[in-house]
Amino acid sequence: MRKFDLLNFFYGLGAAIILIAALFKFVGWNGADTLFVIGLVGEAIIFVISGLQPVTINKVFHWDRLFPQLTREEDEPGQGEISIEGAELTHEQQIQKMMESILALDNSVDVLNTSTKKLTKFIERLESNYELVNTSTLDYQKEINSLKIKIANANEKLKEFENYRF
């Protein structure tokens, strides 16, 4: 039976606040510094509280759950002996589980590699678009400056024309 652990909840909450603050900082949104302070102060308080928690000394470990091959066969004639067949079967099952875990990890790494490649291509497109926008902005700025000069010249000619009387 699982029980809700309030201290564990606050560990997670503090970590989540810090991650959100990092996101705010990366994106450049306001409030990142405040979120960092709240998250870090919260984590510090949680660490102090967890450091003051009493420790349970008489812990009973159930090794038979982790290593079922250590259970004793009570129903067979040599009571107290460890079952070798059960140990070998469990060993094979453990290897099978390890292989499944390795395959799942391999799939996860493949997905991560694919995502990283997509992200790299996206960043490259952003860089090329940035260069295009930067070049266009410089061209636009040159055109605006040229237009300013032409308008200034036109204003001067207009003043000269106004001063000219028939």
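Within the chain, which DSSP H helices have Cα atoms that stretch 30 Å or more along the helix axis and a mean Kyte-Doolittle hydropathy of at least -0.5? All intermediate terms of the calculation are to be shown ahead of the outcome.
On the way: long enough: 6-27 (31 Å, 2.07); 84-163 (115 Å, -0.59).
Membrane-span-like by this criterion, though nothing is claimed about a membrane: 6-27.
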State the answer as a single residue: which of Ala154, Asn134, Ile102 lies farthest towards the positive end of the charge dipole of the chain, with beta carbon charges of +1 for Lys and Arg and -1 for Asp and Glu, about the Cα centre. Ala154
Alpha-carbon Rg/Rh ratio, for the chain, with Rh computed the Kirkwood way: 1.40
Give me the distance in nm between label points sitting 7 Å out from Cα along the Cα-to-Cβ direction at Glu156 and Val109, one decimal. 7.1
Under a Gaussian network model of the chain whose springs join Cα atoms within less than 10 Å, the largest fluctuation of Lys118, Lys150, Lys97 belongs to Lys150
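Grab the eigenvalues of the alpha-carbon gyration tensor for the stretch 1-53, scale each by 5, take roots, and send me the semi-axes largest first in whole angstrom. Intermediate values should be presented prior to the final figure.
Details: eigenvalues 131, 33, 6 Å².
Sorted largest first and rounded, they come to 26, 13, 6 Å.
Note the full-extension length gain between Tyr164 and Leu40 as 0.36 nm times their separation in residues minus their Cα-Cα distance, in nm to one decimal.
37.1 nm
Which pairs break 32 Å Cα to Cα here: Lys25/Lys97; Lys59/Lys97; Lys121/Lys148; Lys3/Lys97?
Pairs exceeding the cut-off: Lys25/Lys97; Lys121/Lys148.
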Sequence gap at least 6, Cα distance under 8 Å: using those rules, report the relative contact order of the chain to the nearest whole percent. 10
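Mind giving me the FRET efficiency for Val48 and Ile20? R0 is 30 Å, r the Cβ-Cβ distance, nearest 0.05 is fine. Walk me through the numbers before you get to the answer.
Values: r = 23 Å, r/R0 = 0.76.
Taking R0 as 30 Å, the efficiency between Val48 and Ile20 is 0.85.
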Inter-centroid distance (Cα atoms) of the stretch 1-46 relative to the stretch 101-166, Å: 37
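With +1 assigned to the C-beta of every Lys and Arg and -1 to the C-beta of every Asp and Glu, and no other charges, what is the dipole magnitude of the chain about the Cα centre in debye, to the nearest 20? Write down the numbers at each step before the final one.
Details: 17 positive and 23 negative charges, 347 e Å.
In total the dipole reaches around 1660 debye.
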Three-way shape label, the stretch 113-166, alpha-carbon gyration tensor, a/c 1.5: prolate
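Coordinate-derived values only; no laboratory data. No experiment lies behind these values; they were computed from the predicted model shown. Note that each Cβ is placed from the backbone with ideal geometry, even for glycine, and that neighbours are counted across all protein chains shown.
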